[in-house]
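Structure, as structure tokens:
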Amino acid sequence: MNVEGELVLMDLGAEYHGYTADVTRTIPANGTFTKAQKAIYDLVYKAQEAGIAKARVGNGFRSTDEAAREVIIKGLVKLGIAKNEWDARQYFPHGTSHYIGLDVHDPGLYGVFEPNMVITVEPGIYIPKGSSCDEKWHGIAVRIEDDILVTKNGCEVLTNECPKEICEIEELLSMR
């Protein structure tokens, strides 16, 4: 099987003592991201960082999505993948955050963040084959998801030990 240029997107739900986790990582099947994959991955990474920065007491639940979506929309337009904001939305078709706790998708009020809430921040870009953009982007799908604890003074990334930077992923995969 030829895995050159293929990505593996892993969406992992876990449970420990009755509490859940939800983590997604995207890795290159052959151990090295292509230039185009790196550009999309970097965009999703920056969007996630922007979303995490909004996971603060008093911010509205949608603030993580709004921050991540702004980064992705501007980035897709800058890369020439999308012509405008409306066009860019097709490549980021889901929300950015949901509650986790006793279930991977816990119910909640989706109001403002309060201390001790646990959420995910999971932006993604998915460019199907046959899209109207340059063919070099076709088939690239990247999502990065972490679990975030909202604290009195900011937030804590609970899944921070899972490598997610390009250099960390490629280094880890080079050890196999």
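The values are calculated or read from the model by the stated rules, or taken from the named source; none is laboratory data. Predicted, not measured: the structure shown is a model, and the values here were computed from it. When we count neighbours, we look across all protein chains shown, and the Cβ atoms used for this are built from the backbone with ideal geometry, even at glycine. We work out accessible area using only protein heavy atoms, side chains counted, and drop any ligands, DNA or RNA first. Shrake-Rupley method; radii C 1.70, N 1.55, O 1.52, S 1.80 Å.
Matching residues to (1) under 24 Å from residue 131 (Cα atoms); (2) open to solvent by less than 70 Å² (accessible area, probe 1.4 Å); (3) in a helix (DSSP H, G or I):
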| site | (1), (2), (3) |
| --- | --- |
| 9 | yes, yes, no |
| 25 | yes, yes, no |
| 44 | yes, yes, yes |
| 58 | no, yes, no |
| 71 | yes, yes, yes |
| 87 | yes, yes, yes |
| 93 | yes, no, no |
| 97 | no, yes, no |
| 103 | no, no, no |
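Right, residue 152: open to solvent by 50 Å² or more (accessible area, probe 1.4 Å), at pLDDT 95 or above and among the basic types (Lys, Arg) or not?
Taking the combined requirement at face value, the residue satisfies it.
Taking the residues in the range 27-42 that are open to solvent by 50 Å² or more (accessible area, probe 1.4 Å) and β-branched (Val, Ile, Thr) as candidates, determine which candidate is farthest from residue 167 (Cα to Cα).
34
Here's the yes/no breakdown for (1) under 27 Å from residue 175 (Cβ atoms); (2) of a type in the set (A, V, I, L, M, F, W, C):
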site: 31; (1), (2): yes, no
site: 38; (1), (2): yes, no
site: 41; (1), (2): yes, no
site: 49; (1), (2): yes, no
site: 52; (1), (2): no, yes
site: 59; (1), (2): no, no
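Filter the strands (runs of 3 or more DSSP E) completely within the range 110-176 down to those with at least 2 residues that are more than 17 Å from residue 68 (Cα to Cα).
Those strands (runs of 3 or more DSSP E) span 146-151, 154-157.
Given (1) open to solvent by less than 20 Å² (accessible area, probe 1.4 Å); (2) touching a Leu at 6+ places or on another chain (Cβ under 6 Å); (3) of a type outside the set (Asp, Glu), where does residue 120 come up short, assuming only one miss?
If we test residue 120 against (1) open to solvent by less than 20 Å² (accessible area, probe 1.4 Å); (2) touching a Leu at 6+ places or on another chain (Cβ under 6 Å); (3) of a type outside the set (Asp, Glu), just (2) comes out false.
For residue 156, all conditions in the list (1) touching a residue at least 12 places away in the same chain (Cβ under 8 Å); (2) over 17 Å from residue 38 (Cβ atoms); (3) of a type outside the set (S, T, N, Q) hold save one; what is the number of the exception?
(1)
Only one of 169, 125 is within 18 Å of residue 28 (Cα to Cα), open to solvent by less than 40 Å² (accessible area, probe 1.4 Å) and touching a Pro at 6+ places or on another chain (Cβ under 7 Å); which?
169
Only one residue in 31, 75 is over 18 Å from residue 158 (Cβ atoms) and touching a residue at least 40 places away in the same chain (Cβ under 8 Å). Which one? Steps first, please.
Details: 75 fails: touching a residue at least 40 places away in the same chain (Cβ under 8 Å).
When all the criteria are applied, what remains is 31.
Select, from 21, 36, 47, the only residue that is closer than 23 Å to residue 114 by Cα and at pLDDT 95 or above. Lay out the reasoning, then the answer.
Working: 21 fails: at pLDDT 95 or above; 36 fails: closer than 23 Å to residue 114 by Cα.
Answer to the check: 47.
Answer yes or no as to whether residue 174 is hydroxyl-bearing (Ser, Thr, Tyr), open to solvent by 80 Å² or more (accessible area, probe 1.4 Å) and touching a residue at least 60 places away in the same chain (Cβ under 8 Å).
Numbers: hydroxyl-bearing (Ser, Thr, Tyr): yes; open to solvent by 80 Å² or more (accessible area, probe 1.4 Å): yes; touching a residue at least 60 places away in the same chain (Cβ under 8 Å): yes.
Yes; evaluated as a whole, the condition is true for this residue.
Taking residue 83, is it part of a loop (DSSP other than H, G, I, E, B), among the charged types (D, E, K, R), at pLDDT 95 or above and open to solvent by 20 Å² or more (accessible area, probe 1.4 Å)? If you could, list the steps in order and put the result at the bottom.
Working: part of a loop (DSSP other than H, G, I, E, B): yes; among the charged types (D, E, K, R): yes; at pLDDT 95 or above: yes; open to solvent by 20 Å² or more (accessible area, probe 1.4 Å): yes.
So residue 83 passes the test.
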